[in-house]
1. Residue under question is residue 397, and the condition is that it be crowded, with 20+ Cβ neighbours inside 10 Å, under 19 Å from residue 521 (Cα atoms), in contact with a strand residue (DSSP E or B) (Cβ under 8 Å, 6 or more places away or on another chain) and β-branched (Val, Ile, Thr); does it hold?
2. Within region 454-469, can one find any residue that is part of a loop (DSSP other than H, G, I, E, B) and at pLDDT below 80?
3. Test residue 306 against the stated conditions and say whether it is at pLDDT below 65 and surrounded by 15 or more Cβ atoms within 10 Å (Cβ to Cβ).
4. With the condition kept exactly as written, say whether any residue in region 98-113 is assigned to a helix (DSSP H, G or I) and modelled with pLDDT of 85 or more.
5. Output the strands (runs of 3 or more DSSP E) that fall wholly within region 203-269 and possess 1 or more residues being more than 16 Å from residue 150 (Cβ to Cβ) and among the small types (Gly, Ala, Ser), or say none.
6. Just name the residue that is surrounded by the most Cβ atoms within 10 Å (Cβ to Cβ) out of those in region 66-87 that are out of contact with any helix residue (DSSP H, G or I) (no Cβ under 6 Å at 6 or more places or on another chain) and within 11 Å of residue 12 (Cα to Cα).
7. Restricting to region 506-517, name every residue that is closer than 25 Å to residue 362 by Cα and without any contact (Cβ under 8 Å) to a residue 24 or more places away in the chain.
8. Within region 365-374, is there a residue that is at pLDDT below 70 and in contact with a Gly (Cβ under 9 Å, 6 or more places away or on another chain)?
Amino acid sequence: MIGHELPTVMVVDDEPEVLTAVADALEDEFNVLTSTSPLVARAMLEEDDISPVVIISDQRMPELAGHEFLRWARELSDATRVLITGYTDIDALGAAVNAGQIFGYLPKPWTPEKLRRLIREAAEHCAVRRALAEERRLLSHLMNSVPDAISFKDRNLRYLRSNWAHAEALGVPDPADLIGRTDAEVGAEGAAGREAADRAALAAGITVSDTALDGAAGRRWHSVVRSTFTGGDGAVEGLVTIARDITPAKEAERALSEAHATLERRVAERTEDLAATARDLLAARKAADIANEAKSRYLATVAHELRTPLTGVIGFSELLLKGGVSPGEWHRLLTLQAEAGRTLLGLLDDILDLSKIEAGRLTLEILPLDFRALVDDCLALVRPSAAGKGLSLTSTVSGALPGRILGDPTRLRQVVLNLLTNAVKFTAAGGVSLAAEIDPAPEGPNGGPSRLRVVITDTGIGIPPERVSGLFEEFSQVDESTARRFGGTGLGLAICRRLVEHMEGRIGVDSTPGQGSRFWFDLPLAVPVAAPVVTVAPPPVIEAPAAAGARPKGRRILLVEDDRSTQILVSTILRGVGHQVEIAENGAAAVEAVDKGSYDLVLMDMHMPVMGGLEATARMRALTRTPDRPLPPLVVLTAGVSVEERERCRAVGLDIFLSKPVDLEKLLHAAANVGLPAENGPHD
């Protein structure tokens, strides 16, 4: 978009005179698109070249209610949505606002000044969200599963966050066990030394040191970077620590020293051999120094990128705690705080992902999948970025490709999305295209299976020939200027290579500087085998106490959870919509409550003191029940998202999962529907 063009606002109202009034009020500050039909407006939003910052809709329209149209709009555009309504019924207005996920509303009659003020706030809200979304995408690409130990502490040196690598280094089975505790309280080896180093870093702002730790695997060396982070007022709020394993470099230095001593003893006899060996050692030392320098630059960038969203989380909290914030600003700050928190969660998930790959613990989930739908999903995610740069984005999937193939949908989507994201990021003009086809099986007795081949082509900056060979290696980037201009850690393509090879595939690139690049990968193609139809009796259904076809307005729910903050959050959400919530601090208390009481639903955490969720579930199923007091349906509410934990849950009959952090819509839907007969149509 040209810099001087006005941002676009879309207005939908079935009364032409209202459209004219809104357009007159906004035309000095915005490019106003109008429509008297929500269906026509939806078609306009589906066009790639329409990107409004605000969508305004009347509530009462003959074709479609305003909140229903805005719910459609939310799926098609990231614009901020505003509802204009003449409703006087507060409950009806609240329902409309909640269903449409709306930024705000304007009651009729309105004044031009009120309208302009609200739309300015909504446009600013959209701009901030788009900027944060771009920042979150860059941060996610930057981190991409750093395999180093990372932790956050407050000014009192109590842990705020920790990744698995850090927890394992301290001998703690779960990073969550560190939260709120100091090194001394955890019983970490060398706690006094850690505290002294942490306090020195709080005073200095940033420190770098080498530390040796002796363990079962021998002595390991780590380069430890400690750096402070600040709150919204600029005051130091705590410390982030990143420990990088430099044992290979230390061992290389030791080996170099030993080799040098040996060479000195033999210098008189083997002068020529000594010179050759010295050259080899110096080359190895230089290569090790280059690698360490690249990793050091990378870790400094990681420290910065982790501190950025964490500053948002803490800073917005401080602003809200100080008070004096208007309702509109309150909502905006909370939205920004939540997005910063989700960014941090995404970064930590990426760290764990790469750690699994490097430790050889990555397990593929082979399932039937629709590759065409997978491609469409990936294109939908990158299309806003491509449209924002004026790029074309196309795809072609061969008609010979079966409707369902076998593969790991999560990892396959990760590779395709990463390659598409890179293509869009490094392309300033032209377009990006994806093509998928089948390479037939080679003929002859040694021929393998047919292969799925995916090619992603762009018209971007291209890659110099001397950089192509190392492009899929860890910490590799085209050059330093690329790192500054486009961002990135140099881990994304390395992870793609690891994933493709883990799926028994190949990946490569052909590129011409200044003309573009062509990334490709291929995988063995397998299709699901048709299985015989087996009739399985449906599980017993607990009848709803309300009349047929109606949903009860409130249910009696037992929340089994030991964490106080989670207890408050979940119970407040559920009680706010009319449910009755009782809390059990552990599995033993939950078994006793279910034995004595009557509940419509149980939300069960897995990791609790006294008795965990798996044992509590088994004991509940062993209780004697009667037809009028059946066992209530059980829903898992846990922070454990690994395949292994889900399998353990399924082994005791737990098939419905809600993951932490809690998703509000999924929680409310589960509370209202699990254990009740299926509804006739979708439920919002």
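The values are calculated or read from the model by the stated rules, or taken from the named source; none is laboratory data. No experiment lies behind these values; they were computed from the predicted model shown. Every residue, glycine as well, gets a Cβ built from its backbone with ideal geometry; the counts of neighbours run over all protein chains shown.
1. Values: crowded, with 20+ Cβ neighbours inside 10 Å: no; under 19 Å from residue 521 (Cα atoms): yes; in contact with a strand residue (DSSP E or B) (Cβ under 8 Å, 6 or more places away or on another chain): yes; β-branched (Val, Ile, Thr): yes.
Here the answer is no, as residue 397 does not meet what is asked.
2. Checked region 454-469: at least one residue is part of a loop (DSSP other than H, G, I, E, B) and at pLDDT below 80.
3. yes
4. At the first step, the residues of region 98-113 found to be assigned to a helix (DSSP H, G or I) are 98-100, 112-113.
Pick out the ones that are also modelled with pLDDT of 85 or more and you get 112-113.
Scanning region 98-113, I find at least one residue that is assigned to a helix (DSSP H, G or I) and modelled with pLDDT of 85 or more, so the answer is yes.
5. Values: elements: 206-215, 218-230, 236-245.
Where strands (runs of 3 or more DSSP E) fall fully within region 203-269 and carry at least 1 residues being more than 16 Å from residue 150 (Cβ to Cβ) and among the small types (Gly, Ala, Ser), they are 206-215, 218-230.
6. Within region 66-87, the match that is surrounded by the most Cβ atoms within 10 Å (Cβ to Cβ) is 66.
7. Answer for region 506-517, where residues must be closer than 25 Å to residue 362 by Cα and without any contact (Cβ under 8 Å) to a residue 24 or more places away in the chain: 506, 508.
8. Looking only at region 365-374, we keep the residues that are at pLDDT below 70, and these are none.
Taking every residue of region 365-374 in turn, none turns out to be at pLDDT below 70 and in contact with a Gly (Cβ under 9 Å, 6 or more places away or on another chain).
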